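Worksheet for the structure shown next.
Taken together, the values in this text are just the output of simple stated rules run on the coordinates, not laboratory data. Values in this document were obtained by computation on a predicted structure and should not be read as measured data. When we count neighbours, we look across all protein chains shown, and the Cβ atoms used for this are built from the backbone with ideal geometry, even at glycine.
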Amino acid sequence: MDPKSNVGFTKVIAMAMVEVKNLKKYFPVRRTFIDAVMGKPQLYVKAVDGVSFDIEEGEVLGLVGESGSGKTTTGRLVLRLIELTDGSVKIDGKDISKLDKEELRRFRRHIQLIFQDPMASLNPYMRIGDAIKHPLDIHDIGSPKERKRMVYEMLERVNLTPPDEFYRRYPKELSGGQRQRVVIARALITKPKFVVADEAVAMLDVSIRSQLLKLLADLKKDFNLTMLFITHDLATTKYVCDRIAVMYLGKIVEIGSFEQIYRSPKHPYTKALISAVPEPDPKKKKEKFIPHGEVPNPINPPSGCRFHPRCPFAKDVCKVKEPELKDVGNGQMVACHLY
Amino acid sequence: MVLELRDVKIHYKTTRGMVKAVDGVSFGVDKKETVGLVGESGSGKSTLGYGIMKLLPKTAKVGGEILLDGENLADKSEKEMQKIRGAKIAMIFQDPMTSLNPVMKVRDHFVEMIRTHNPEISEEKAEEMASKALEAVGIDPIRMNDYPFQFSGGMRQRVMIALGLVLNPEVVIADEPTTSLDVIVQAQILELLKDLKAKYDMSMILITHDLGVVAEMADKIAVMYAGHLVELAKSEKIYYEPKHPYTKALLESIPNTDINDLELKFIPGSPPDLVDPPKGCKFAPRCPVARKICFEKEPPTVEVDGSKVKCWLYEGDSDGNG
Ligand SMILES: Nc1ncnc2c1ncn2[C@@H]1O[C@H](COP(=O)(O)OP(=O)(O)OP(=O)(O)O)[C@@H](O)[C@H]1O
Ligand SMILES: Nc1ncnc2c1ncn2[C@@H]1O[C@H](COP(=O)(O)OP(=O)(O)O)[C@@H](O)[C@H]1O
Ligand code: SF4
Ligand code: SF4
Ligand SMILES: [Mg+2]
Ligand SMILES: [Mg+2]
């Protein structure tokens with residue numbers, strides 16, 4: 001094999017914009033006073049339990065998994081909206097877990113979040129133009145006149161036109177899809193180095209969802225966006241993600257290029273996520289593989305492979321030995337004893 | 001036909017003016033048939049569902065006929081409706097958290113529901129029925145003693161389904177039963193609904209904004225846009241030979257996992273404001289093939305090889321009985 005085509009080799013050259021290593025978040029389970037006095041052990045919700053990934057500049061990484069798999073917690077950790085239990089997060093070479101309060105405040109303009117529910121993340125009493133301008137005010141970017149111009153440009157860019165009309169409106173005067181455009185505009189106005197989008201299109205109708213995905217795909221090109229795109233629906237990763245990481249119960253179980261995950265998914269859980277996507281062709285009876293039950297409680301995750309109680313391919317070894325992420329070819333990494 | 005809608009109109013009186021949320025909708029539901037009711041947010045799907053249940057607010061005015069086993073529900077008093085709801089026709093609501101009472105145990109939801117209809121049923125018997133219904137939806141009957149918040153979103157939806165089915169209704173209206181759930185739980189719930197429907201010989205109206213969801217479930221699909229029924233046809237026909245430009249656009253905009261299909265299609269713009277809808281065809285401002293007449297006159301509903309379509313494109317294709 002030509003050493004130059006080796007993935008490890010190219011990784012050394014291209015500097016990753018985001019480097020996440022062995023990220024962990026254990027939320028302490030609340031004990032009653034009595035429990036503590038009785039000496040009951042402190043339990044932890046292991047929401048994220050050793051997650052590592054890189055995102056290169058201009059790259060979008062999809063993070064996919066069922067509800068409760070730890071996606072939102074991962075997103076909040078990499079933006080340091082909550083404190084890490086362990087591990088490190090570097091953004092553009094800076095270890096953000098080491099920044100003090102003031103340094104972090106100043107760094108915030110470079111890292112932004114797009115939420116799931118636009119209504120909850122917009123102030124109902126603030127005109128949307130002012131909402132989009134807000135991050136510029138906070139971080140003191142540009143003169144008042146320049147700020148206004150930047151907002152107008154951004155409004156046009158996310159197709160809220162005519163901009164002067166939309167500038168004056170309040171959130172309740174917009175449709176769900178339009179509100180999500182406002183949230184995207186607000187996140188991008190400071191030209192951030194890195195954006196986390198957490199279920200950014202989940203609350204929208206299918207047709208509006210596609211409009212927003214198109215917008216994100218276009219913005220990705222225009223702004224050379226580096227993004228973590230969190231979703232429970234694998235079908236929505238298709239148009240914006242370059243690589244995809246599949247998460248289950250606090251761990252990444254498979255990670256690969258968009259092509260690899262779509263063409264040759266390896267992990268049984270990845271296959272399940274694909275087969276769960278509704279198929280509009282009534283004759284194309286999909287060979288459905290839907291795991292039973294729900295994601296188990298992360299306080300006490302199953303032994304061995306965490307997916308084994310729901311996995312139809314589980315073998316004896318799966319119950320005792322935890323599979324490690326390993327390369328199954330061309331950089332596609334899978335954590336499963338079948339490989 | 002178990003349920004028949006004839007030219008149903010539901011208009012809300014608001015301070016801004018009349019909202020024609022449902023405006024002349026007609027279709028029937030046969031025994032054991034599943035009809036998918038599809039459309040974007042605000043197209044009038046839930047309003048129609050509540051209208052059939054007669055659970056609309058006082059500001060709503062209802063016209064046309066809603067026939068259940070041939071009897072017009074308009075003629076029923078609220079007292080009679082209370083008997084009908086749950087027993088003959090049940091609704092599974094869009095948001096299970098807000099439609100379950102947070103301070104009532106699951107068990108009490110069942111007992112209340114059963115005994116409202118059949119006061120002669122003892123509490124023990126009602127509990128036994130609840131047990132069976134919970135088991136049928138894959139919930140351990142022991143959990144009857146829990147409160148709604150102690151369940152995950154998917155489990156709560158299962159409880160809602162069990163509540164909807166416990167009296168074995170003829171028709172179930174499921175309003176976006178999976179919209180707030182993740183894809184795996186969605187697939188589980190759809191599978192469950194399919195099984196239960198077959199087991200209990202029910203008819204169903206499945207409401208959703210996702211054509212992908214109904215395609216796996218429905219025999220027939222009704223597509224709504226801005227209060228109008230714009231296309232009605234067998235599921236295969238909707239998929240293989242969509243007639244209405246809106247149906248076509250809706251189909252194309254569904255994200256799928258086929259890697260050979262990389263072009264992202266979407267419907268530009270958004271549905272109209274129903275207080276002040278466009279004249280003529282309500283889809284005209286977003287329609288890629290709109291013509292002059294579309295902006296001037298409302299299109300008639302015509303039948304084109306088995307599909308009912310409300311669009312000027314097909315006006316010459318039949319005798320134009322609009
Ligand atoms: N109580 C009400 N008073 C006035 N207008 C209403 C009322 N309820 C609904 N509407 C309006 O009627 C129209 C249809 O609403 P409806 O909730 O039936 O749509 P839907 O198709 O179920 O949408 P969704 O997919 O968002 O659930 C909308 O324009 C809505 O704003
Ligand atoms: N603040 C918190 N305290 C305790 N447990 C939490 C907290 N936030 C999340 N969790 C738990 O961590 C797990 C992962 O949650 P989350 O990151 O929200 O997953 P996802 O976004 O994939 O649905 C879940 O079991 C959830 O209940
Ligand atoms: S390691 Fe075993 S249990 Fe886990 S996904 Fe692979 S086959 Fe299934
Ligand atoms: S009537 Fe005209 S505008 Fe309406 S859907 Fe048909 S072609 Fe398009
Ligand atoms: Mg989440
Ligand atoms: Mg609705």
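Quick one: if the Förster radius is 56 Å, what FRET efficiency do B:D7 and A:D100 give, using the C-beta to C-beta distance and rounding to 0.05?
Efficiency, from the Cβ-Cβ distance: 0.20.
Rule-of-thumb check for chain B: C-alpha Rg over 2.2 N^0.38 Å?
Against the compact-globule rule of thumb, the ratio is 1.04.
Around A:L228, under 13 Å between beta carbons, what's the net of Lys plus Arg minus Asp minus Glu among the other residues?
Result for the neighbourhood of A:L228: -2.
Could you list, bin by bin from short to long, the percent of Cα-Cα pairs of the protein assembly as shown in 10 Å steps?
Here the calculated profile for the protein assembly as shown is 3, 14, 23, 25, 20, 12, 4, 0, 0.
Can you give me the Cα centroid spacing of the stretch A:113-141 and the stretch A:298-339 in angstrom?
Measuring centre to centre over Cα atoms gives 42 Å.
Based on Cα coordinates alone, diagonalise the gyration tensor for the stretch A:182-257, multiply each eigenvalue by 5, take square roots, and list the semi-axes in whole Å, largest first.
They are 21, 16, 12 Å, listed largest first.
Is the C-alpha gyration tensor of the stretch A:42-106 telling us rounded, prolate or oblate? Criteria: a/c under 1.5 is rounded; beyond that, a/b larger than b/c is prolate, otherwise oblate.
oblate
Taking only Cα atoms and a 10 Å spring cutoff, compute GNM fluctuations for chain B and point out the largest among B:K58, B:K308, B:K45.
It is B:K58.
Going toward the positive end of the dipole of the stretch A:228-339, with +1 on Lys and Arg Cβ and -1 on Asp and Glu Cβ, which of A:G293, A:P282, A:V246 do you reach last?
A:P282
Of A:P135, A:P309, A:L188, whose Cα points farthest to the positive end of the dipole of the stretch A:3-334 (charges on the beta-carbon: +1 Lys, Arg; -1 Asp, Glu; origin at the Cα centre)?
The listed residue farthest towards the positive side: A:P309.
Could you give the nm distance between label points at B:D195 and A:D316, where each point is 7 Å from its Cα heading toward the beta carbon?
Those two pseudo-labels are separated by 3.1 nm.
Taking amide hydrogens as modeled 1.01 Å from N in the peptide plane, which residues meet the under 5 Å criterion relative to B:G64, leaving out close sequence neighbours?
Counting only residues 5 or more places away or on other chains, the set is B:K9.
Could you give the nm distance between label points at A:D140 and B:E65, where each point is 7 Å from its Cα heading toward the beta carbon?
7.5 nm
Let me have the relative contact order for chain B, percent, based on Cα pairs under 8 Å that are six or more residues apart.
20 percent
Stick to the Cα atoms of the stretch A:191-339, pair each with every other, and give me the Kirkwood hydrodynamic radius in Å at one decimal.
17.0 Å
Just the number, please: percent antiparallel of the DSSP beta bridges in the protein assembly as shown, rounded to the nearest 5.
60 percent
Rounded to the nearest 20 Debye, what is the dipole magnitude of chain A about its Cα centre when Lys and Arg each give +1 and Asp and Glu each give -1 at the C-beta?
Around 380 debye, computed over chain A.
At 24 angstrom or more along the helix axis (alpha-carbon based) and mean Kyte-Doolittle of -0.5 or higher, what helices does chain A contain? Whole DSSP H runs only.
Qualifying helices: A:206-223.
Using the Cα centre of the stretch B:95-168 as the reference point, and only Cβ charges (+1 on K/R, -1 on D/E), how large is the resulting charge dipole? Debye, rounded to the nearest 20.
Computed charge dipole of the stretch B:95-168: roughly 200 debye.
Just need the relative contact order of the stretch B:95-168 here, percent rounded to a whole number, with Cα pairs under 8 Å and 6+ apart.
Result for the stretch B:95-168 is 42 percent.
If neighbour count is taken as other Cβ atoms inside 10 Å, put B:M129, B:M81, A:M247 in order from fewest to most.
Result, fewest neighbours first: B:M81, B:M129, A:M247.
Among B:S203, A:V328, A:F107, which residue has its Cα positioned farthest towards the positive end of the charge dipole of the protein assembly as shown, with +1 placed on the Cβ of Lys and Arg, -1 on the Cβ of Asp and Glu, and the dipole taken about the Cα centre?
Checking the options against the dipole of the protein assembly as shown, the answer is A:F107.
By DSSP, what percent of the beta bridges with both residues in chain B are antiparallel, rounded to the nearest 5?
Here the share of antiparallel DSSP bridges comes out near 65 percent.
Taking 0.36 nm per intervening residue step and subtracting the Cα-Cα distance, what contour gain separates B:Y147 from B:K31 on full extension?
38.3 nm
For a Förster distance of 41 Å, can you work out the FRET efficiency between the beta-carbons of B:K279 and A:I299, rounded to the nearest 0.05?
For B:K279 and A:I299, the calculated efficiency is 0.10.
State the percent of C-alpha pairs, over all pairs in the stretch A:103-186, separated by a distance greater than 14 angstrom.
Roughly 61 percent, rounded to a whole number.
In the stretch A:217-254, whose amide N lies under 20 Å from the spot 7 Å out along Cα-to-Cβ of A:L338? List them in ranges.
A:234-235, A:244-254
Shape of chain A from its Cα gyration tensor (a ≥ b ≥ c, root eigenvalues): rounded if a/c is under 1.5, otherwise prolate when a/b > b/c, or oblate?
prolate
Any idea how far apart A:Y170 and B:M18 come out in nm if each label point goes 7 Å out from Cα toward Cβ?
According to this spin-label approximation, the distance is 2.9 nm.
Arrange B:F93, B:F151, A:F27 by Cβ neighbour counts within 10 Å, fewest through most, would you?
So the residues, fewest neighbours to most, are A:F27, B:F151, B:F93.
Taking amide hydrogens as modeled 1.01 Å from N in the peptide plane, which residues meet the under 5 Å criterion relative to B:E176, leaving out close sequence neighbours?
Amide H neighbours of B:E176, under 5 Å, 5+ apart: B:I207, B:T208.
Mind grabbing the base-10 log of I(q)/I(0) for the stretch B:95-168 at q = 0.17, 0.25, 0.26 Å⁻¹? Debye formula, identical points on the C-alpha positions, no solvent, two decimal places.
So the normalised log intensities are -0.54, -1.18, -1.28.
Fewest to most neighbouring Cβ within 10 Å: what's the order for A:K25, B:K76?
Neighbour counts put them in this order, fewest first: B:K76, A:K25.
Rounded, prolate or oblate: which fits the stretch B:33-124, taking a ≥ b ≥ c as square roots of the Cα gyration tensor eigenvalues, rounded meaning a/c under 1.5, else prolate when a/b beats b/c?
Oblate is the answer for the stretch B:33-124, as a/c is 1.5 or above yet b/c matches or exceeds a/b.
Mind checking the stretch B:57-156 for GluC sites (Glu not before Pro) that DSSP puts in a loop (not H, G, I, E or B) and that have at most 12 other Cβ atoms within 10 Å?
B:E120
Provide a whole-number value for the mean count of partner chain Cβ atoms within 10 Å of the Cβ atoms in peptide A:196-208.
5
With +1 on each Lys and Arg Cβ and -1 on each Asp and Glu Cβ, and nothing else charged, work out how big the dipole of chain B is about its Cα centre, in Debye to the nearest 20.
Its charge dipole is roughly 940 debye.
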